[in-house]
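Novice: Provided herewith is a single structure, encoded as structure tokens, for subsequent inquiry.
The values are calculated or read from the model by the stated rules, or taken from the named source; none is laboratory data. Worth saying up front: this structure is predicted, and the values here are computed from it rather than measured. Backbone-built Cβ (ideal geometry, glycine too); neighbour counts: all protein chains shown. The accessibility values were calculated without ligands, DNA or RNA, using every heavy atom of the protein model including side chains. Shrake-Rupley method; radii C 1.70, N 1.55, O 1.52, S 1.80 Å.
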Amino acid sequence: MRGNRGRRRGHGDNGMDDVADNGFARLLTRLADLVAAGLLWTVASLPLVTLPAATTALFAVADGWARGQSPPVLATFWEALRPRFARGLAVGAALGAGAVLVAVDVSFALGAEGAPLRTAVFAAAALPGLATALAGAFAFPLLALTDDGPVALLRNAALLAAANPLTTLAVWLLTGAGAALALAVPPAIPLVAALLAAVCARLARGALGRLPARASVRPADASTRLGGARTAPASPGD
């Protein structure tokens with residue numbers, strides 16, 4: 001009897017060891033994927049003009065992680081990078097223009113102390129600032145998921161952000177923290193970018209999951225709708 005109990009205990013210990021080994025292996029695999037995706041994003045972003053498309057491709061990889069999958073990093077990144085270059089450039093240019101406009105207005109207002117139009121300039125900066133912040137929170141996750149044109153995509157990203165204010169705030173707080181960490185430790189930029197994309201992709205998936213049923217699925221083509229957004233159908237494993 002003691003021998004049987006000893007053998008059973010031994011089998012149980014082996015089973016626990018296997019689970020621990022598998023968990024550690026999965027952790028190492030995900031860490032390697034994060035580093036690889038971050039390095040791809042860093043290299044693809046170096047020309048700067050490719051930054052929006054590279055960010056979109058990074059979110060395409062991160063969306064697979066958010067769905068509990070392990071997509072092939074290089075293939076997924078490359079397949080998302082090429083066809084989304086033009087749309088990514090247009091969306092990035094629009095968001096960049098909005099940010100520059102706000103920065104110029106605020107800089108002018110801060111330097112015009114005592115000027116009669118100072119308050120008006122601050123007020124004029126508020127609307128484009130809010131629109132840029134709302135659209136920017138989910139623009140790149142939606143770029144990775146939809147085939148919408150830039151105008152429709154920015155509109156739908158802003159609507160999604162407005163419908164999920166706490167999630168939007170979390171996205172920008174995480175983005176700010178990631179930027180601060182990247183500035184403090186530049187060699188960590190690839191890993192920080194990939195981690196940030198992974199978390200924000202999960203937040204975007206959560207926001208999309210809270211859409212009302214009428215905005216979720218069209219039976220005609222099994223693609224997801226967000227206002228006018230056309231989202232590619234999920235794979236059978238989702």
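Novice: Quick one: if the Förster radius is 41 Å, what FRET efficiency do Ala32 and Ala90 give, using the C-beta to C-beta distance and rounding to 0.05? List each step's numbers first, then the result.
Specialist: Working: r = 33 Å, r/R0 = 0.81.
Once the sixth-power term is evaluated, E becomes 0.80.
Novice: Order of 145-155, 191-201 by packing, highest average Cβ count within 10 Å first?
Specialist: Order by mean packing, descending: 191-201, 145-155.
Novice: For Asp147, list long-range residues whose amide hydrogen, built 1.01 Å from N in the peptide plane, is under 5 Å from its own amide hydrogen.
Specialist: Close amide H contacts, sequence-distant or interchain: Arg230, Ala232.
Novice: Moving to a separate point now. How large is the accessible surface per residue of region 120-186, computed with a 1.4 Å probe and reported in Å² as a whole number?
Specialist: Ligands and nucleic acids excluded, the figure is 46 Å² per residue.
Novice: Further question: Whole Å is fine, so just give me how far the alpha carbon centre of region 26-101 lies from that of region 123-144.
Specialist: Centre-to-centre (Cα) distance: 19 Å.
Novice: Provide the net charge surrounding Ala161, with neighbours chosen by a C-beta distance below 15 Å and charges set as Lys +1, Arg +1, Asp -1, Glu -1.
Specialist: Spelling it out: positives minus negatives among the neighbours equals +3.
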